[in-house]
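For reference, the structure discussed in these notes is given below.
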Amino acid sequence: NYYSEKMIERHDEIIRKLAEYFDNTQITAFVQVGSIGHWGEFHTWPDGTGVWPNPTTCAKYMEPYVKYFKNVKCGVRKPYPYAAENDFGLFNDIFGVDAGTPEFYNYFMNGDTDMNGGATDAEIAASKMPNFWKTNYSGGEFARGQVREHITNETAKDGSKGVMSSLDQVRYTHVSWLGPCSAADLEVNEIAAY
């Protein structure tokens, strides 16, 4: 129950304790809000597999990160009004998919229309983050953990056009880094095969 005040209070305590150690740029590059949703990725995909809180409640789970992480940049899976107000970075977990990354792009350029839990038109408009990459990171991971599908000249199983499409996605989403699920996961002899 994401609306539970007790859970929100305990969550604050956990993030405070994590920040005591990890708010240190010598050991931490960034922090991604991973407190809610499946895999901590701010979604309940596949559809129908969970109840999602409204944007105001989601903000309550983002607030402790801003409150306690003063040295390390914070980010979240998708744009939300609170993320926009606080210059969060964003994380595209469907990188490489020709249909998915343009959707991610549309969310940060025009507002996140996929905020479940009853987002209003005003909240969608407030979630626009067209220049987030100028002050924070633009991260991601190749969809389904299948980097090989997106770094060759072959068409992927989902119809994505391979490496040229992936390079285009790097350009228009201003990717700072990719991983987990990136080419760095491949063994040297695997890379030579491509």
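For this structure, a couple of remarks:
- Listing of helices (runs of 4 or more DSSP H) fully contained in the stretch 91-194 that carry 2 or more residues being closer than 26 Å to residue 73 by Cα and either touching a strand residue (DSSP E or B) at 6+ places or on another chain (Cβ under 9 Å) or open to solvent by 80 Å² or more (accessible area, probe 1.4 Å) (or both): 100-110, 163-173
- Considering the stretch 29-81, and only residues there that are more than 23 Å from residue 100 (Cα to Cα) and aromatic (Phe, Trp, Tyr), the residue that is farthest from the chain's Cα centre (by Cα) turns out to be 68.
- Within the stretch 31-42, the residues that satisfy the criterion of being farther than 25 Å from residue 120 by Cβ and surrounded by 20 or more Cβ atoms within 10 Å (Cβ to Cβ) are 31, 32.
- Condition broken by residue 111, with the remaining ones in (1) within 18 Å of the chain's Cα centre (by Cα); (2) modelled with pLDDT under 85; (3) more than 19 Å from residue 34 (Cα to Cα) satisfied: (2)
- Filter result (open to solvent by less than 10 Å² (accessible area, probe 1.4 Å), in a helix (DSSP H, G or I) and in contact with an Asp or Glu (Cβ under 8 Å, 6 or more places away or on another chain)) within the stretch 62-90: 64
So that you can scan it fast, the table gives a plain yes or no per residue for (1) open to solvent by less than 50 Å² (accessible area, probe 1.4 Å); (2) without any contact (Cβ under 8 Å) to a residue 40 or more places away in the chain; (3) closer than 28 Å to residue 120 by Cβ:
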{"residue": "12", "(1), (2), (3)": "yes, no, yes"}
{"residue": "29", "(1), (2), (3)": "no, no, no"}
{"residue": "44", "(1), (2), (3)": "yes, no, yes"}
{"residue": "52", "(1), (2), (3)": "yes, no, yes"}
{"residue": "60", "(1), (2), (3)": "no, no, yes"}
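- Residues (assigned to a loop (DSSP other than H, G, I, E, B) and of a type in the set (A, V, I, L, M, F, W, C)) located in the stretch 33-61: 33, 36, 42, 45, 51, 52
The values are calculated or read from the model by the stated rules, or taken from the named source; none is laboratory data. Everything numeric here is computed off the predicted structure, so don't read it as measured data. As a convention, Cβ positions derive from the backbone with ideal geometry for all residues, glycine included, and neighbour counts pool all protein chains shown. Calculation scope for accessible area: heavy atoms of the full protein, side chains included, ligands and nucleic acids excluded. Shrake-Rupley method; radii C 1.70, N 1.55, O 1.52, S 1.80 Å.
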